[in-house]
1. In the stretch 72-91, which residue that is under 22 Å from Pro255 (Cβ atoms) and part of a helix (DSSP H, G or I) is farthest from the chain's Cα centre (by Cα)?
2. When you scan the stretch 172-181, do you find a residue that is among the aliphatic types (A, V, I, L, M) and in contact with a helix residue (DSSP H, G or I) (Cβ under 8 Å, 6 or more places away or on another chain), even just one?
3. Output the residues belonging to the stretch 92-151 that are of a type in the set (Ser, Thr, Tyr) and either within 12 Å of the chain's Cα centre (by Cα) or more than 21 Å from Pro10 (Cβ to Cβ) (or both).
4. When you scan the stretch 173-202, how many residues do you find that are surrounded by fewer than 18 Cβ atoms within 10 Å (Cβ to Cβ) and touching a His at 6+ places or on another chain (Cβ under 8 Å)?
5. Within the group Thr274, Thr210, which residue is over 22 Å from Leu101 (Cβ atoms), among the β-branched types (Val, Ile, Thr) and out of contact with any Ser or Thr (no Cβ under 8 Å at 6 or more places or on another chain)?
6. Please work out which residue is farthest from Ile138 (Cα to Cα), limiting yourself to the stretch 263-278 and to residues that are not in a loop (DSSP other than H, G, I, E, B) and not β-branched (Val, Ile, Thr).
7. Search the stretch 50-62 for residues that are loosely packed, with under 13 Cβ neighbours inside 10 Å and pair each with any residue that is modelled with pLDDT under 95 when their beta-carbon atoms are under 8 Å apart and the residues are at least 6 apart or on different chains.
8. Read through the list (1) touching a helix residue (DSSP H, G or I) at 6+ places or on another chain (Cβ under 8 Å); (2) over 25 Å from Asp12 (Cβ atoms); (3) surrounded by fewer than 23 Cβ atoms within 10 Å (Cβ to Cβ); (4) in contact (Cβ under 8 Å) with a residue 24 or more places away in the chain, then give the number of the only condition that Leu247 fails.
Amino acid sequence: MRPFAFLGVPIDSVGRSGGTEHAPAAFRAHSRDTDPWLGSDAGDLDVRIRGDVRDATSGVIAVDDVLAMTRAVADGVEALRRGARIPFVMGGCCSLVPGALAGARRVEPGVGLIYLDGHLDLYDGETSPTGEAADMPIAVVLGRGPRVWVDVAAPTTEPDRVWLLGPRDLDEALGYGHPHPDDIAGLSFTDADGIRAVGAGAVGRGIANTAGPCWVHLDVDVLDEAAFPATDYLMPGGLALAELAELLGPLVRSPLLAGVSVGCYNPDKDPDGTNGDALAELFRQALAD
């Protein structure tokens, strides 16, 4: 495994300072300088999402900042990939994903997306109950989200190049008009119970062996609320840390890995650093042979 190049994206799509904006700096404090898997540090992008106004056309809060962030993330990831480095993009919230995937696909057009998240994130600007960009990254990646954001995050990704792993908000989402993932032909969807039924390691190996080049995104709320409370959207029924390490391992050890991103760790809810330490240890375990 070549060492990752760390890139921070200090954003929170609620539009206010604090929260997940602090994740890149906090994670640096928890990941050991001598960790062989974390090689170089490309610093933090100069991006923020500010505002509480929902744009009338796109339905996105602080849409101009979201678009600027998407461009910056795409450029940052592209530069690392052209330098033959594997980006480890630490957010921030999941709204960074369209930019990260766009940047990776500028270098390697066939890159798919493996998305580990407690939420489906297929809302668009109309169905999202909040208008937060973090509700919409998968819709944008698939070309189904707000048009202005889709255009910035181009090219779009075919559904058969996207794997959704671990969501458990389907019933709630459908109540807001969110599409059912089974209605999107080719899209792969395995909820947390489905992962357990097959076995986390088996699911990870199956995808890694067949998916080809992919970007892997981890939203920490794929974990059960008791396993990782330092996030903003707590839900029961998620994966345990050991299960997530088994699932993640084959994906991040793949020689075809295009990059990794992490979202929704909120250090403000982790005053003693327990969850940050657990997150760093999770990657040590996942990357161990």
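The values are calculated or read from the model by the stated rules, or taken from the named source; none is laboratory data. For clarity, every value in this text was computed on a predicted model and none was experimentally measured. Please note: Cβ atoms are built from the backbone with ideal geometry, for glycine as well, and neighbour counts cover all protein chains shown. Heads up: the accessible areas ignore ligands, DNA and RNA and are worked out on the full protein's heavy atoms, side chains in. Shrake-Rupley method; radii C 1.70, N 1.55, O 1.52, S 1.80 Å.
1. Taking the stretch 72-91 first, the residues under 22 Å from Pro255 (Cβ atoms) are 77-89.
Cutting the leftovers down to part of a helix (DSSP H, G or I) gives us 77-82.
Values: Val77: 14, Glu78: 17, Ala79: 19, Leu80: 18, Arg81: 18, Arg82: 21 Å.
Checked the stretch 72-91; the qualifying residue farthest from the chain's Cα centre (by Cα) is Arg82.
2. From the stretch 172-181, those among the aliphatic types (A, V, I, L, M) are 173-174; that's our starting set.
Pick out the ones that are also in contact with a helix residue (DSSP H, G or I) (Cβ under 8 Å, 6 or more places away or on another chain) and you get none.
The answer is no, given that none of the residues of the stretch 172-181 is among the aliphatic types (A, V, I, L, M) and in contact with a helix residue (DSSP H, G or I) (Cβ under 8 Å, 6 or more places away or on another chain).
3. Taking the stretch 92-151 first, the residues of a type in the set (Ser, Thr, Tyr) are 95, 115, 123, 127-128, 130.
Ser95, Tyr115, Tyr123, Thr127, Ser128 - these are the residues of the stretch 92-151 that are of a type in the set (Ser, Thr, Tyr) and either within 12 Å of the chain's Cα centre (by Cα) or more than 21 Å from Pro10 (Cβ to Cβ) (or both).
4. Of the residues in the stretch 173-202, 1 are surrounded by fewer than 18 Cβ atoms within 10 Å (Cβ to Cβ) and touching a His at 6+ places or on another chain (Cβ under 8 Å).
5. Values: Thr210 fails: over 22 Å from Leu101 (Cβ atoms).
After applying the criteria, what remains is Thr274.
6. Taking the stretch 263-278 first, the residues not in a loop (DSSP other than H, G, I, E, B) are 263, 267-269, 274-278.
Restricting the remaining residues to those that are not β-branched (Val, Ile, Thr) gives 263, 267-269, 275-278.
Details: Gly263: 14, Pro267: 25, Asp268: 26, Lys269: 26, Asn275: 26, Gly276: 26, Asp277: 28, Ala278: 27 Å.
Result: Asp277.
7. Once the first residue is loosely packed, with under 13 Cβ neighbours inside 10 Å and sits in the stretch 50-62, its partners that are modelled with pLDDT under 95 give Asp52/Gly15; Asp52/Arg16.
8. With respect to (1) touching a helix residue (DSSP H, G or I) at 6+ places or on another chain (Cβ under 8 Å); (2) over 25 Å from Asp12 (Cβ atoms); (3) surrounded by fewer than 23 Cβ atoms within 10 Å (Cβ to Cβ); (4) in contact (Cβ under 8 Å) with a residue 24 or more places away in the chain, Leu247 is out only on (3).
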